[in-house]
Amino acid sequence: MKGRNERTLVFCEPQLTALGLVPSRLVEAAAGWPEAAATVLAGSWQDSSPASGQIFPVGRSTPLTWPDLERRQQFPVPLHPYLAWMDGDRAANVLALVRAALAEDESTRENETIAFEPLRRVLVVGQGLAARLTLEELARRRFETLWVRRGGEDSDDPAQTADEFQTAFCRSVIGLKGFAGKFRLLLENGDEPAEVEGGAVVFCGPEEREPLFLDQGAGTRILRLSEYEAEQEKESAAEQADRTGRVIFLAGLGGATSSGNMARMIRAASREAQRPDRAVYILAPQIKVAEPGLERSYGLAREAGVTFFRTSSDGPVLEAAPDGRLKLKVYDAMARANISLSADLLVVEEHLRAGESLELCAEKSGVMRGEDGFLAPDNVLFLPVGTNRRGVLALGAARGTDSPELLKGEILAMAAEIEEILGEVSVESGRLSVDRKRCTICLTCVRICPYQALGVKQRRPYTAPLSCVECGLCAAECPMNALQLEDFTDSGLRRRIRCLVAERPRDPARPRLIVFGCRRSAETALAAAPTPDQPVDMVFISVPCAGKLEEDMILSACLAGADGIMVAACHEDNCRTHRGNVEARRRTGHVKNLLEEAGFSSERLRFFSTAPNMGLELGRAILEFYSDISKIGVTGLAERNNDRNRP
């Protein structure tokens, strides 16, 4: 335990008074505690400030900002929203929260700060416009860059013509080792494998397009959109004016239309409609106008004479007309009739596709792919450029983006993320402590880490400073219980439960709940939840990720006197650790089975998925759970344990 002279409680008068509490009485109640050296009021700090030690501001969620505290270690003890859900005497509950903070801190140590110099070179992998714009933005921000691209290709790729960037040629990426700040990219170039280093990696991808799958009609010329655009650039104005007939732009075949492709089609159709003897149509399941200025372009295209038809999700029915031209049949909802259009020129939308090279790149670099095959988890939290590996970013064709406007946003987000990662020069180490006597180097922790932030050195796991997000999944899954998060240990969590559940006075006839909640979703949601009208004896325990909550911790909460336990985790595919919520649900189900076997109702344990903006829903779920537990009744385990422990 830390010494008395190292810890000071600061009862913040404005916050406590606003809650209807008398700060001086709290000071008197805490004056004799052995855990802290002194208790003072915020207003009298200058008269009783100790020379050193930790500060616990009671009533605040952020550290105190007084000048003499800038370099002091502070552990705020917030009372909102937890106090509103705790039944009983409010002052006693405040003191219980303070004791819990002190007890939990006993199991932590001050993290060592070490110097870590990340490589400020960025590896940009890929071809095309996205690669070129990425290189230019990083150069503007004064980052050293290395452009890794396929060599020996003759291409009209605008990025291929640039010679102002340092370049490494390769046939493919065959591996990515290391962590954020210090990556090693392994390249296959036909001879010996090459290796390049950088602090961050940006995958831009090759712009691979789906092949045209329509057969050419005898009287209809069929072009992909990119072929049509290239042809327009080469043809003279006279050649374009001589062409007459019906031009149809067809979108939505083979996948949803992107706003980028729709913008390209509307621009092309507007130009075609301005030429004489030209009938121009755009057929699509949905006219997407989400890009800036696109809705106006849509209106101008209609004024220019472009006709829009909405097709079914399967597209129009394609038939051969008697004259050999291709005929497209669509149902017009306005006219309530089928309409047939024969085309002289059919321009078909083409979608980006995740080709074999992107699949190989993901496999070799350890980056998750979404259901569409691109380098992006199906998780909204990783928009617009994030992947499951910190320091590894994906944008442009590597992410399936073909909209110039979206690409601009991705590049700005990429640059900001790299500034944050590579701008750090000192980080806290010691986030993970390893008991060498227990650790068997089974590598379970390395395999389960969602950010690939763990490695093995000198026969012990270690965390990469810039990659670890302290989710605790590795510690929870360690079969030998050899790993602990330094700032969130199992012993500290048990001490908090003891202070808030077992040792806090209670009405023996009323049930007591514990809600274990993810700090990123459930804790934020609870802060936004309406204050309950009726008293609810609920204790909220924040965890770094729901996946950190181990099965024996849930059972420990039962033994401490919790009559009902809720595990509140992120929604599936909406978790920063990708699998923390999945693991939490699995463990909750297993403990429910154990409770049934022990003769307890499994209804005492409940899993609930939430998001930060679901305060109302989480509040309702807690009240409903409390009502259900009230019908089941208290377990009486806490009283029995207390009787057993009495001398």
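The values are calculated or read from the model by the stated rules, or taken from the named source; none is laboratory data. What you see is a predicted model, and the numbers here were worked out from it, not measured in a lab. Counting neighbours? That spans all protein chains shown, and the Cβs are built from the backbone with ideal geometry, glycine included. Heads up: the accessible areas ignore ligands, DNA and RNA and are worked out on the full protein's heavy atoms, side chains in. Shrake-Rupley method; radii C 1.70, N 1.55, O 1.52, S 1.80 Å.
Restricting attention to the chain, lysine pairs at least eight places apart or on different chains and with alpha-carbon atoms under 16 angstrom apart total 4.
With r defined as the distance between the Cβ atoms of residue 443 and residue 364 and R0 fixed at 22 Å, what FRET efficiency is calculated, to the nearest 0.05? Before the final figure, lay out the partial values.
Details: r = 20 Å, r/R0 = 0.89.
After rounding, the FRET efficiency stands at 0.65.
For the set 620, 325, solvent exposure ranked by accessible area (probe 1.4 Å, protein chains only) runs largest to smallest as 620, 325.
Extension gain, residue 528-residue 481: 0.36 nm per intervening residue step, less the Cα-Cα distance, totals 13.4 nm. Towards the positive end of the charge dipole of the chain, with charges on Cβ (+1 Lys, Arg; -1 Asp, Glu), say which of 143, 532, 418 has the farthest Cα. Farthest along the dipole direction, towards plus: 532. The packing ranking of peptides 303-312, 356-365, 537-546, highest mean first, is 537-546, 356-365, 303-312, where packing means the average number of other beta carbon atoms within 10 angstrom of each residue. The protection proxy used here, the mean number of other Cβ atoms lying within 10 Å of each residue, ranks peptides 140-151, 465-476 as follows, highest first: 465-476, 140-151.
For the chain, the longest principal axis of the alpha carbon atoms and the long axis of helix 128-140 meet at an angle near 50°. One Cα centroid belongs to region 606-633, the other to region 561-596; the line between them spans 14 Å.
Compared with the dominant Cα axis of the chain, that is its longest principal axis, helix 551-560 is turned about 30°. For the chain, the longest principal axis of the Cα atoms and the long axis of helix 294-304 meet at an angle of about 20 degrees. Can you grab the distance from the C-alpha centre of region 161-204 to the C-alpha centre of region 77-96, Å, no decimals? Here the two parts' Cα centres lie 54 Å apart. Packing order of peptides 6-19, 488-501, highest average first: 488-501, 6-19 (average count of other Cβ atoms within 10 Å over each peptide's residues). Note on residue 356 and residue 236: their simple-model spin labels are 4.4 nm apart, each label 7 Å out from Cα toward Cβ. Taking all protein chains as present, what is the carbon and sulfur share of the accessible area of the chain, in % to the nearest whole number, probe 1.4 Å? Using a 1.4 Å probe with all protein chains present, the chain comes out at 48 percent carbon and sulfur.
Measuring nothing but how far apart in sequence close Cα pairs (under 8 Å, 6+ apart) lie, relative to its length, region 524-647 scores a relative contact order of 39 percent. Charged side chains reduced to their Cβ positions (Lys and Arg at +1, Asp and Glu at -1) give region 411-567 a dipole of some 680 debye around its Cα centre.
Here each label is just a point 7 Å from Cα along the line to Cβ, and for residue 169 and residue 300 those points are 4.3 nm apart. Under 5 Å from the amide H of residue 342 lie the amide H atoms of 328, each residue being 5 or more positions distant or on a separate chain, with H modelled from the backbone and absent for Pro and chain starts.
Convex hull volume of the C-alpha atoms in the chain, normalised per residue: 228 Å³. Protein-only accessible surface at a 1.4 angstrom probe places the residues 234, 177 in the order 234, 177, largest first. Length gained on full extension, residue 117 to residue 603, computed as 0.36 nm times the residue gap minus the Cα-Cα distance: 169.8 nm. Between 562, 450, 636, the Cα set farthest toward the positive side of the dipole of the chain (charges on each charged residue's Cβ, about the Cα centre) is that of 636.
Using a Förster distance of 35 angstrom, determine the FRET efficiency expected from the C-beta separation of residue 308 and residue 378, and round it to 0.05. After rounding, the FRET efficiency stands at 0.65. Each pair of Cα atoms in region 540-647 enters the Kirkwood radius, and Stokes-Einstein at 37 °C and 0.692 mPa s then converts it into a translational diffusion coefficient of 222 µm²/s.
Net charge near residue 412: determine it from the other residues with C-beta under 15 Å of the C-beta of residue 412, scoring Lys and Arg +1 and Asp and Glu -1.
Taking every other residue near residue 412 into account, the sum is -3.
Centre-to-centre separation between the Cα atoms of region 247-277 and those of region 364-414: 26 Å.
Compute the FRET efficiency between residue 596 and residue 620 as 1/(1 + (r/R0)^6), taking r as their Cβ-Cβ distance and R0 = 25 Å, and round to the nearest 0.05. Calculated transfer efficiency: 0.40.
The length gained by stretching the chain between residue 90 and residue 286 to full extension, at 0.36 nm per residue less their Cα-Cα distance, is 64.8 nm.
Among the DSSP beta bridges whose two residues both lie in the chain, what percent are antiparallel, rounded to the nearest 5? Intermediate values should be presented prior to the final figure.
Numbers: 34 of 97 bridges.
Looking only at bridges with both residues in the chain, the antiparallel portion is about 35 percent.
Summarising the label geometry, the points placed 7 Å from Cα in the beta-carbon direction at residue 256 and residue 551 lie 3.9 nm from one another. Taking Cβ separations below 4.7 Å as the criterion for a possible disulfide partner, the isolated cysteines in the chain are 12, 170, 204, 361, 439, 442, 449, 468, 478, 499, 518, 558.
Taking a point 7 Å from the Cα of residue 188 along the Cα-to-Cβ direction, the residues of region 352-393 with backbone N closer than 11 Å to it are 357, 360-361, 364.
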